[in-house]
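Single-structure report; data block below.
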Amino acid sequence: LFLKRNFLSVFLPAGGISSLAFTPRQLQRKNYDKNSIHQASAIFGFIGILTVFLVGIPVVGYAAFVNKDFEDSWIWLSGVGVFIAAVFWLVYSLRTKGTFYQFLEKHFPKKISSIDEFLAGEIQKKYFYLTIFISTLIEFCGIFHLLIAMFAFGAIGSFSAAAVGYTISVLLMLVSPFLRGLGAVEFTLIYILANFGFSHSEGLGITLLYRVFEFWLPLLLGLFAFIWNGRKIVARIFPALA
């Protein structure tokens, strides 16, 4: 499910969010509650953005303090914060039947039953907080991923550069309307690494190595996941062509 949604997110507008609506037929055939799947997907997407914000606050603050070139990063992080606050308010208003709920009830009465059904389930706080904790660890895995790419390329590792580079690249992917920031992420990472003292060739090599495993390999595996579902059709076509 993750690989397929990750693949679709590259090609869909605002793919990081819109791809969460995709539910493969395998899940539908297993009689899982469709509403529960969408609820879990919404929590997954929201917490992914929330932990980027939580990790990004100290990272971007440090970057802006040590290097004036990163002061504008506060704009991106503030935008993510506003989005998170807006989602919190919308969900709270819907669950308590507040202002936003009343607006929808007045102008879109046919959608109210679907909204009530979607919000009917109770969130298990224990697992909600556990999800936040694991998602935060994943953010740090991304930072160490970039750090290991520095060592793999033979450069001197810098945790600060890795933290700033990873956080800002993820913010770029969040705000990118298409292709998940392809091109912009690479350019920005090279620029960030250069500001931390890496040469142009080191920055280019580290960025490409990091993106192979962070972007291109999951994309290839996502393509394979789609092809694997149609393997029986492919197996029938190739002998006929031969």
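Ile237 falls short on exactly one of the conditions (1) modelled with pLDDT of 90 or more; (2) under 30 Å from Phe22 (Cβ atoms); (3) surrounded by fewer than 14 Cβ atoms within 10 Å (Cβ to Cβ), and that condition is (1).
Of all residues assigned to segment 159-172, at least one qualifies as being open to solvent by 60 Å² or more (accessible area, probe 1.4 Å) and either of a type in the set (Ser, Thr, Tyr) or over 16 Å from the mean Cα position of the chain (by Cα) (or both). Looking only at residues of segment 10-23 that are in contact (Cβ under 8 Å) with a residue 40 or more places away in the chain and farther than 15 Å from Ala42 by Cβ, we find that the one that is most open to solvent (accessible area, probe 1.4 Å) is Phe11. For Ile123, the test of being open to solvent by less than 50 Å² (accessible area, probe 1.4 Å), within 23 Å of Leu50 (Cβ to Cβ) and at pLDDT below 80 is failed. Residue-level check: of (1) open to solvent by 60 Å² or more (accessible area, probe 1.4 Å); (2) at pLDDT 75 or above, Val87 misses just (1). When segment 25-66 is filtered for residues that are modelled with pLDDT under 75 and either surrounded by 16 or more Cβ atoms within 10 Å (Cβ to Cβ) or outside any helix (DSSP H, G or I) (or both), the ones remaining, listed by number, are Lys30, Asn31, Tyr32, Asp33, Val60, Ala63, Ala64.
Answer yes or no: is there a residue in segment 85-97 that is over 18 Å from Leu54 (Cβ atoms) and not in a helix (DSSP H, G or I). Yes, segment 85-97 contains at least one residue that is over 18 Å from Leu54 (Cβ atoms) and not in a helix (DSSP H, G or I).
The values are calculated or read from the model by the stated rules, or taken from the named source; none is laboratory data. As the structure is a computational prediction, the values presented were derived from the model and not from experiment. A quick note on method: Cβ atoms are made from the backbone with ideal geometry, for glycine too, and the neighbour counts reach across all protein chains shown. Note: areas computed on protein heavy atoms with side chains; ligands, DNA, RNA excluded. Shrake-Rupley method; radii C 1.70, N 1.55, O 1.52, S 1.80 Å.
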